[in-house]
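Engineer: Pasting a structure below so you can have a look.
Every number here is computed from the coordinates shown, using simple stated rules; none is lab data. Quantities reported herein were computed from a predicted structural model and do not represent experimental measurements. Virtual Cβ from ideal backbone geometry, glycine too; neighbours counted across all protein chains shown.
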Amino acid sequence: MDFSKMLAELASQRKLAAVYTDSDNVDAFSAGFVRGVGDDCFSMLTISREGEEDGLIVHRLSDVIRIEEKSRYLEQLHWLHENRGNVFHPWGGALPPSIGEDCLVSELKRALDDGLVVTIQLGPNAGQELLFGFVTAMDETTVTVSALTRYGESDGVSTVLLADIYRINCDTREEQVLAFLHRRGSSG
């Protein structure tokens, strides 16, 4: 089956797919729902990593190098899209300032107290040693995290030195997605 027919079938079945179109970067793809297929191009309603509709794209059919369906990532994305009204929560007002406190310790304590997911980066490079999860304990020198995979599954427990933490993200959209996926897995 050629890519044109595959894309047309995906459009008629309203199935989520990943379409790869960059031969110079074979790991890059667009995920979403194919909306239309013409003689030379196709259009797709893209879905963000968080499951939200992210606009339309149009690509030439001749640029398609791979089409993926039913992967674990796409199943997760479909589930997030189906539940997109329930994934994120509003901040609910301004946070009280924490002037004079160690910001890192203050936010980790807030994550511990409120049961929020954090991403801890242990080095200056963006992808270097990322740890995702719920803060479960802290002392003057360490933080313990109940780790999560990128699919929201439990992945053991890690303890790191506070001094080794380069930066954290707390309760951003990415962490909210992980918490939502974790709750899904925990509830069966």
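Engineer: What spacing in nm lies between the two simple spin-label points modelled at residue 45 and residue 163, each 7 Å away from Cα in the Cβ direction?
Structural biologist: Distance between the two pseudo-spin positions: 5.4 nm.
Engineer: Taking other Cβ within 10 Å of each residue's Cβ, how do 5, 15 sort, fewest first?
Structural biologist: Values: 5 10, 15 14.
Fewest-to-most ranking of 5, 15: 5, 15.
Engineer: So, one more: Going Cα to Cα from residue 5, which lysines come in below 25 Å? Please leave out same-chain ones fewer than 8 positions away.
Structural biologist: 15, 70
Engineer: Using θ = phi - 60° and the Karplus relation 6.51 cos²θ - 1.76 cosθ + 1.60, list the HN-Hα couplings for region 148-162 in order, rounded to whole Hz, with x at every Gly or Pro.
Structural biologist: 10, 7, 5, 9, x, 8, 4, 9, x, 10, 10, 10, 10, 6, 4
Engineer: Go ahead and estimate [θ] at 222 nm for the chain from helices alone: -39,500 (n - 2.57) per DSSP H run with n ≥ 4, summed, over the residue count, rounded to 500. The partial results should precede the final answer.
Structural biologist: On the way: 5 runs with 52 residues, N = 188.
That calculation yields -8000 deg cm²/dmol at 222 nm.
Engineer: Oh, and also: So what is Rg over Rh here for region 3-85, counting just Cα atoms and using Kirkwood for Rh?
Structural biologist: Values: Rg = 12.0 Å, Rh = 12.7 Å.
Rg divided by Rh gives 0.94.
Engineer: Two decimals is fine: what's Rg over Rh for the chain, C-alpha atoms, Kirkwood radius as Rh?
Structural biologist: 1.07
Engineer: I'd like the distance separating the alpha-carbon centroids of region 32-88 and region 131-188, in whole Å.
Structural biologist: Cα centroid of region 32-88 versus Cα centroid of region 131-188: 28 Å apart.
Engineer: Calculate the spin-label point distance for residue 155 paired with residue 84, positioning each point 7 Å from the Cα along the beta-carbon direction, and give it in nanometres.
Structural biologist: Distance between label points: 2.6 nm.
Engineer: What order do you get for 141, 159, 136, 21 when you list them from fewest to most C-beta neighbours inside 10 Å?
Structural biologist: Numbers: 141 9, 159 12, 136 15, 21 18.
Sorted ascending by nearby Cβ count, the order is 141, 159, 136, 21.
Engineer: Each label point is 7 Å from the Cα along the Cα-to-Cβ direction; what then is the distance between the points at residue 8 and residue 23, in nm?
Structural biologist: Simple spin-label model gives 2.4 nm for this pair.
Engineer: Which one of 83, 169, 25 has the biggest mean-square fluctuation once the chain is modelled by GNM with Cα springs under 10 Å?
Structural biologist: 25
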